[in-house]
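To start, the structure under review is shown below, and the notes come after it.
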Amino acid sequence: MEKWECQACGYVYDPAVGDPSNGVAPGAKFEDLPDSWVCPQCGVGKELFSKVD
Amino acid sequence: MKIVIVGNGMAGTLAAKTVRELDQEAGIEVFGEEKYAYYPRPNLIEFLAGRLPYEKLFAFPEIWSTRQRIGLHFGERVARIRPDERIVETGTGGIFPYDALLLASGARAAVPPLTGSGLKGVFVLRTLDDALAILDRLRTHARVAVLGGGLLGLEIARAMRDRGAEVSVVEIFDRLLPRQLDPAAAGILKHQIEKTGISVRLGAVSREILGAAEVRGIRFESGDEVEADLVVIAAGVKPELALAKDAGLTVERGIVVDDSLRTSRPEIFAAGDAAEHRGRVYGIIPASFEQARAAAHNMLGMDMPYSGTVPSNTLKVAGLYVTSAGEVNPEARGHEVLVRSVPETGLYKKIVLKEGRLVGAIWMGTKKGASEIGRFVALKKDVEIRKGDLLEDTFDFAEMS
Ligand SMILES: Cc1cc2nc3c(=O)[nH]c(=O)nc-3n(C[C@H](O)[C@H](O)[C@H](O)COP(=O)(O)OP(=O)(O)OC[C@H]3O[C@@H](n4cnc5c(N)ncnc54)[C@H](O)[C@@H]3O)c2cc1C
Ligand SMILES: [Fe+2]
């Protein structure tokens with residue numbers, strides 16, 4: 001599954017891991033995260049993430 | 001255990017959050033000169049461009065909830081440290097004792113000593129108040145000049161262009177991003193920026209910002225002028241060192257810290273844009289983040305060494321990915337250089353080899369292969385037999401890893 005990287009701080013969202021600190025269970029695709037979700041490291045929004053390929 | 005934190009930017013906020021996660025009992029007081037709760041500064045660009053509404057600027061509001069029992073003092077400056085008594089004094093006369101103190105005072109925008117830099121209509125962009133003031137001016141004044149063609153200057157220019165302003169970027173160097181790019185790549189980047197309607201003026205040394213009460217333009221050493229009624233200076237930052245100096249801490253370009261983020265006084269720590277570690281002042285979020293996390297542990301007596309941050313090779317500039325690693329402008333002889341360039345799309349790939357080993361690369365306009373090429377350069381990988389294919393978009397890095 002696709003990983004997404006925060007362009008501000010480098011945090012990588014990995015769907016296999018999810019984001020437990022924000023109650024996102026493993027398996028959730030990046031696209032399906034709510035619009036209110038922010039980078040757990042630096043706090044920027046989804047629009048500052050880009051796909052890792 | 002009483003912890004006082006000066007600054008509620010990335011470093012101060014993250015340190016407060018980490019301390020609370022590690023220790024439910026520690027007293028935490030956070031002072032921020034800005035009157036706002038934490039917002040990541042990259043959001044200011046999105047806000048300026050009109051892509052992010054005001055309410056969405058702020059992050060991690062849950063940290064400040066009463067449940068976390070963190071003492072919040074936003075809009076309150078720490079005026080002085082009295083290190084021998086282990087107390088801080090605030091601008092309003094408050095006195096707070098500490099067992100450990102974290103200086104997360106960050107950096108301010110640097111303003112070069114240029115006549116006219118104090119005129120109405122001249123701004124910097126570091127804080128939310130700066131962004132609000134720029135947007136306020138932009139409502140009635142839409143001829144913008146950005147002084148400084150570095151990363152921040154280019155982002156500001158693009159954001160203001162997205163708002164419909166007429167924008168020119170003024171850069172002292174004779175090309176863009178001279179450290180990351182070579183002349184050809186810089187030319188392509190310039191062209192890509194110009195395609196969006198931004199004008200780029202290179203090799204332009206500003207002599208004076210013109211205007212009587214309000215700004216009306218910029219005059220260059222060459223005698224040329226550019227008209228502008230809104231000027232944003234993006235000429236780098238300078239760490240905020242006043243408190244540290246006054247307290248007698250060792251200060252160079254930043255507040256000097258060791259691998260435990262301790263300053264020259266063991267109970268005072270520093271992290272983020274204000275700190276200098278092993279001779280480096282990073283000025284980037286990943287370093288602020290790692291330093292703050294380590295400082296939080298060490299303040300609580302949990303040993304967490306910090307040995308430095310490796311900045312990412314990849315930037316996003318004016319919507320283009322730019323990866324730059326190693327020697328991109330080799331000066332010595334004995335290097336082999338291979339280039340593939342598609343100027344119309346902004347694609348530019350260059351590899352620099354020495355005796356068949358990869359010692360430098362530029363990868364612009366694509367992210368495919370970018371992290372791999374960066375890693376290969378770090379490893380000085382021998383690519384002699386595949387060098388002919390490496391620059392092709394179809395090249396599969398997996399088979400070489
Ligand atoms: C528009 C913009 C975009 C950026 N984009 C990126 C990016 O994409 N990636 C990246 O890595 N970096 C980026 N940066 C840099 C990044 O924001 C900084 O590295 C980061 O903010 C540093 O955090 P800090 O907490 O050390 O300092 P700061 O964010 O500067 O926070 C320090 C705070 O301390 C306060 N303070 C100072 N002195 C006192 C005092 N005496 N009493 C009380 N409070 C005080 C200041 O008012 C300030 O609010 C960007 C910066 C800007 C301006
Ligand atoms: Fe982030």
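What's the number of the only condition in (1) more than 16 Å from ligand 1 (Cβ to nearest atom); (2) crowded, with 19+ Cβ neighbours inside 10 Å that A:ALA25 fails to meet? Of (1) more than 16 Å from ligand 1 (Cβ to nearest atom); (2) crowded, with 19+ Cβ neighbours inside 10 Å, only one is false for A:ALA25: (2). For segment A:1-17, the count of residues that are at the interface with another protein chain (Cβ under 9 Å from one of its Cβ atoms), of a type in the set (A, V, I, L, M), part of a loop (DSSP other than H, G, I, E, B) and closer than 24 Å to B:ALA15 by Cα is nonzero. Between B:GLY187, B:GLY197, B:GLY223, the distinction of being touching a Lys or Arg at 6+ places or on another chain (Cβ under 8 Å), surrounded by fewer than 22 Cβ atoms within 10 Å (Cβ to Cβ), in a loop (DSSP other than H, G, I, E, B) and of a type in the set (Gly, Ala, Ser) belongs to B:GLY197 only. Within segment B:1-31, being within 15 Å of ligand 1 (Cβ to nearest atom), open to solvent by 30 Å² or more (accessible area, probe 1.4 Å) and farther than 20 Å from A:GLY43 by Cβ holds for one residue alone: B:GLU29. Cβ-Cβ distances below 9 Å connect the following pairs, each with a first residue in segment A:9-22 that is within 16 Å of ligand 1 (Cβ to nearest atom), a second residue that is in a strand (DSSP E or B), and a separation of six or more residues or different chains: A:TYR11/A:GLU5; A:TYR11/A:PHE49; A:VAL12/A:LYS3; A:VAL12/A:TRP4; A:VAL12/A:GLU5; A:VAL12/A:CYS6; A:VAL12/A:VAL52.
Does A:GLY43 fit the bill of being at the interface with another protein chain (Cβ under 9 Å from one of its Cβ atoms), surrounded by 14 or more Cβ atoms within 10 Å (Cβ to Cβ) and either out of contact with any Gly (no Cβ under 7 Å at 6 or more places or on another chain) or modelled with pLDDT of 90 or more (or both)?
Judged against the criteria, A:GLY43 is a match.
When A:PRO34, A:PRO26 are screened for being more than 9 Å from every other protein chain (Cβ to nearest Cβ), out of contact with any strand residue (DSSP E or B) (no Cβ under 8 Å at 6 or more places or on another chain) and within 21 Å of B:PRO42 (Cβ to Cβ), only A:PRO34 passes.
Look through segment B:49-70, keep the residues that are touching a residue at least 24 places away in the same chain (Cβ under 8 Å), open to solvent by 40 Å² or more (accessible area, probe 1.4 Å) and under 29 Å from B:LEU132 (Cα atoms), and return whichever of them is nearest to the other protein chains (Cβ to nearest Cβ).
For segment B:49-70, the residue satisfying everything is B:ARG51.
Kindly indicate whether any position in segment B:217-225 is touching a helix residue (DSSP H, G or I) at 6+ places or on another chain (Cβ under 7 Å) and touching a residue at least 60 places away in the same chain (Cβ under 8 Å). No, the conditions are met nowhere in segment B:217-225.
Considering segment B:291-315, and only residues there that are free of Cβ contacts under 8 Å to residues at least 60 places away in the same chain and open to solvent by less than 60 Å² (accessible area, probe 1.4 Å), the residue that is farthest from the other protein chains (Cβ to nearest Cβ) turns out to be B:ASN298.
Within segment A:23-45, count every residue that is without any contact (Cβ under 8 Å) to a residue 24 or more places away in the chain and within 12 Å of ligand 2 (Cβ to nearest atom).
Just the residues of segment A:23-45 that are without any contact (Cβ under 8 Å) to a residue 24 or more places away in the chain, to begin with: A:23-28, A:31-38, A:43, A:45.
Keeping just the survivors that are within 12 Å of ligand 2 (Cβ to nearest atom) gives A:37-38, A:43, A:45.
The number of residues fulfilling the criteria is 4.
Just to be sure before I move on: is B:GLU62 of a type outside the set (Lys, Arg) and in contact with a helix residue (DSSP H, G or I) (Cβ under 9 Å, 6 or more places away or on another chain) in the structure I sent? Criteria met by B:GLU62.
Within segment B:76-92, none of the residues are open to solvent by less than 20 Å² (accessible area, probe 1.4 Å), within 20 Å of the chain's Cα centre (by Cα) and either within 14 Å of chain A (Cβ to nearest Cβ) or over 29 Å from B:ASP229 (Cα atoms) (or both). Pairing each residue of segment B:379-401 that is at pLDDT 90 or above with any residue that is in a loop (DSSP other than H, G, I, E, B) and exposed (fewer than 15 other Cβ atoms within 10 Å of the Cβ), provided the two are 6+ apart or on different chains, yields C-beta distances under 6 Å for B:ASP382/B:GLY356; B:GLU384/B:GLY356; B:PHE395/B:ASP389.
Looking only at segment B:71-122, residues that are under 30 Å from B:ILE134 (Cα atoms) and in a loop (DSSP other than H, G, I, E, B) come to 18 in all. Looking across segment B:123-145, the residues that are in a helix (DSSP H, G or I) and under 24 Å from B:ASP273 (Cα atoms) come down to B:LEU128, B:ASP129, B:ASP130, B:ALA131, B:LEU132, B:ALA133, B:ILE134.
Inside segment B:32-50, residues that are more than 9 Å from ligand 1 (Cβ to nearest atom) and assigned to a helix (DSSP H, G or I) make up a count of 3. The listed residues are B:VAL322, B:VAL352, B:VAL359, B:VAL337, and the only one of them that is more than 24 Å from B:GLY9 (Cα to Cα), outside the structural domain of B:LEU177 (by TED's automatic domain parsing), assigned to a strand (DSSP E or B) and within 16 Å of ligand 1 (Cβ to nearest atom) turns out to be B:VAL322.
The values are calculated or read from the model by the stated rules, or taken from the named source; none is laboratory data. Computed from a prediction, not measured in an experiment: that's the story for all the values here. Glycine gets a Cβ as well: all are built from the backbone with ideal geometry, and neighbour counts include every protein chain shown. Note: areas computed on protein heavy atoms with side chains; ligands, DNA, RNA excluded. Shrake-Rupley method; radii C 1.70, N 1.55, O 1.52, S 1.80 Å.
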